[in-house]
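One structure below.
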Amino acid sequence: MSKKTAAITAVGKYVPDYALTNKELESLVETNDEWIFTRTGIRERRILKDADKATSYMAIKAAQNLIEKKGLDPKEIDMVIVGTATPDMNVAATAVHVATEIGAVNAFGYDLQAACSSFLYAMSTAAVYIESGRYKKVLVIGADKMSSIVDYTDRTTCIIFGDGAGAALFEPNEEGLGVQDEYLRGDGVGREFLRIEAGGSLNPTSQETLDNKQHYIKQEGKTVFKYAVSNMANASEQILKRNNLTNEDVDWLAPHQANTRIIEATARRMSLDMDKVMVNIQNYGNTTSATLPLLLADYEDKLKKGDNIVFAAFGGGFTWGALYLKWAYNS
Ligand code: UT7
């Protein structure tokens, strides 16, 4: 009996309408378009302006986009995983709210928090559930309202992050398409360099933590950059080696969109031309858990059944890895 694999059979996306340009950021902090573009590759990012709308709003929109495109009956969805660093609330899973709102009344679900690697790890989780034979339709959403944790007076972070959501449906495949292999890693050293200091059990919210602006995301950019370059490139190289793939076998690299220089370094290590690398950071900035599914949605019409795609991500924690997937449909 051939092994059941877990294939992506549909994707969807949502980004808010409001575009925060580099020009507008020039009026908020001491920066300029040229610095931002040359150091990061970002031109603009989308921001969910409405104060009463949270991460779930974008996750629901992305899921509905997928459901509509696929003609899917949401009652058939078995499970919803929301990868996010900005859940609606700390207690009460965003995924459960999303499932209810999209009509996935027969599903269970939970949030998966691994910073910028959330979607990558969630793909692995979905694949294992599908391969087990226990579930047939697993909806994985990556969604983040980064603007809710960004300090717009801190030029080292506010130029980077944006809001958005993407979704992918995983189903069993009998042709060997879908997830082939993964190389996932983590290193707790990372929590020194990229974090939100307060609001958790270590530093519960107090007047002092509010006064000290400890509820915003902070990172030591240079250090994170170095770890990101070496680990994302290394994971991608490992996944090629383990699967006896050469650069010619790879049709696409789908890398986390944190910085064009990190993306280029990963492509170089894989000896891949940039025309095989999915890039949309210029439009959205770093949307944390949403970068990978947004790439899939934006490149969907270029992807062909059987294409070899390597996903790679690096994020807070530190968390990182690479995943090798064979694309399962022509759109
Ligand atoms: O997705 C999760 C993981 N996160 C990442 O992967 C992010 C990794 N880090 C990065 O992408 C980069 O480190 C940044 C984009 C955050 C920063 O770029 P950098 O090339 O590492 O800059 P830097 O921090 O070394 O700063 C270089 C200079 C400094 O000035 P001096 O000390 O050389 O005079 C900064 O003060 O650039 C200055 N600077 C800025 N200038 C204009 C820092 N931020 C800005 C800014 N505009 N926004």
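The values are calculated or read from the model by the stated rules, or taken from the named source; none is laboratory data. All figures in this text were calculated on a predicted structure; none of them were measured in a lab. Methodologically, a virtual Cβ is constructed for each residue, glycine included, from the backbone with ideal geometry; neighbour enumeration extends over all protein chains shown. These accessible areas exclude ligands, DNA and RNA; they are computed on the full protein's heavy atoms, side chains included. Shrake-Rupley method; radii C 1.70, N 1.55, O 1.52, S 1.80 Å.
Worth pointing out:
- Selection over the stretch 276-293 of residues that are at positive phi and either at pLDDT below 95 or touching a Lys or Arg at 6+ places or on another chain (Cβ under 6 Å) (or both) gives a count of 1.
- Hits in the stretch 197-238 (condition: of a type in the set (A, V, I, L, M) and under 19 Å from the mean Cα position of the chain (by Cα)): I217, V224, A228, V229, M232, A233, A235
- Single residue of the stretch 28-50 satisfying the filter (in contact (Cβ under 8 Å) with a residue 40 or more places away in the chain and within 7 Å of the ligand (Cβ to nearest atom)) that is most open to solvent (accessible area, probe 1.4 Å): E30
- Considering only residues in the stretch 199-215 that are of a type in the set (S, T, N, Q) and open to solvent by 40 Å² or more (accessible area, probe 1.4 Å), the one that is farthest from V150 (Cα to Cα) turns out to be S201.
- Considering each residue of the stretch 62-79 in turn, at least one proves to be within 28 Å of P255 (Cβ to Cβ), in a strand (DSSP E or B) and not β-branched (V, I, T).
- Selection within the stretch 234-291 - assigned to a helix (DSSP H, G or I), closer than 22 Å to G142 by Cβ and within 12 Å of the ligand (Cβ to nearest atom): T260, I262, I263, T266, I281, T288, S289, A290, T291
- Residue within the stretch 177-195 that is in contact (Cβ under 8 Å) with a residue 24 or more places away in the chain, among the acidic types (D, E) and closer than 30 Å to A10 by Cα present: yes
- Any hit, the stretch 87-95, residues being crowded, with 24+ Cβ neighbours inside 10 Å and either not in a loop (DSSP other than H, G, I, E, B) or not assigned by TED's automatic domain parsing to the domain that holds T9 (or both): yes
- Of all the residues in the stretch 139-198, those that are of a type in the set (K, R), assigned to a strand (DSSP E or B) and open to solvent by 30 Å² or more (accessible area, probe 1.4 Å) number 2.
- The residues listed here are N280, N244; of these, the one that is in contact (Cβ under 8 Å) with a residue 12 or more places away in the chain and not aromatic (F, W, Y) is N280.
- Enumeration of residues in the stretch 15-53 that are part of a loop (DSSP other than H, G, I, E, B), among the acidic types (D, E) and farther than 19 Å from I149 by Cβ: D17, E30
- Candidate set: the stretch 1-27, residues that are modelled with pLDDT of 95 or more and surrounded by fewer than 17 Cβ atoms within 10 Å (Cβ to Cβ); chosen: the one farthest from the ligand (Cβ to nearest atom): D17
- Yes/no for T84 being surrounded by 19 or more Cβ atoms within 10 Å (Cβ to Cβ) and either on the phi < 0 side of the Ramachandran plot or modelled with pLDDT of 95 or more (or both): yes
- Picking from residues in the stretch 216-226 that are within 8 Å of the ligand (Cβ to nearest atom) and not polar (S, T, N, Q), the one that is surrounded by the fewest Cβ atoms within 10 Å (Cβ to Cβ) is K222.
- All positions within the stretch 294-315 that are open to solvent by less than 10 Å² (accessible area, probe 1.4 Å) and assigned to a loop (DSSP other than H, G, I, E, B): L303
- Among the residues of the stretch 196-232, those that are among the polar types (S, T, N, Q), in contact (Cβ under 8 Å) with a residue 12 or more places away in the chain and within 19 Å of M89 (Cα to Cα) comprise T209, Q214.
- Filtering the stretch 183-203 to residues that are small (G, A, S) and in contact with a Phe, Trp or Tyr (Cβ under 7 Å, 6 or more places away or on another chain) leaves G186, G190.
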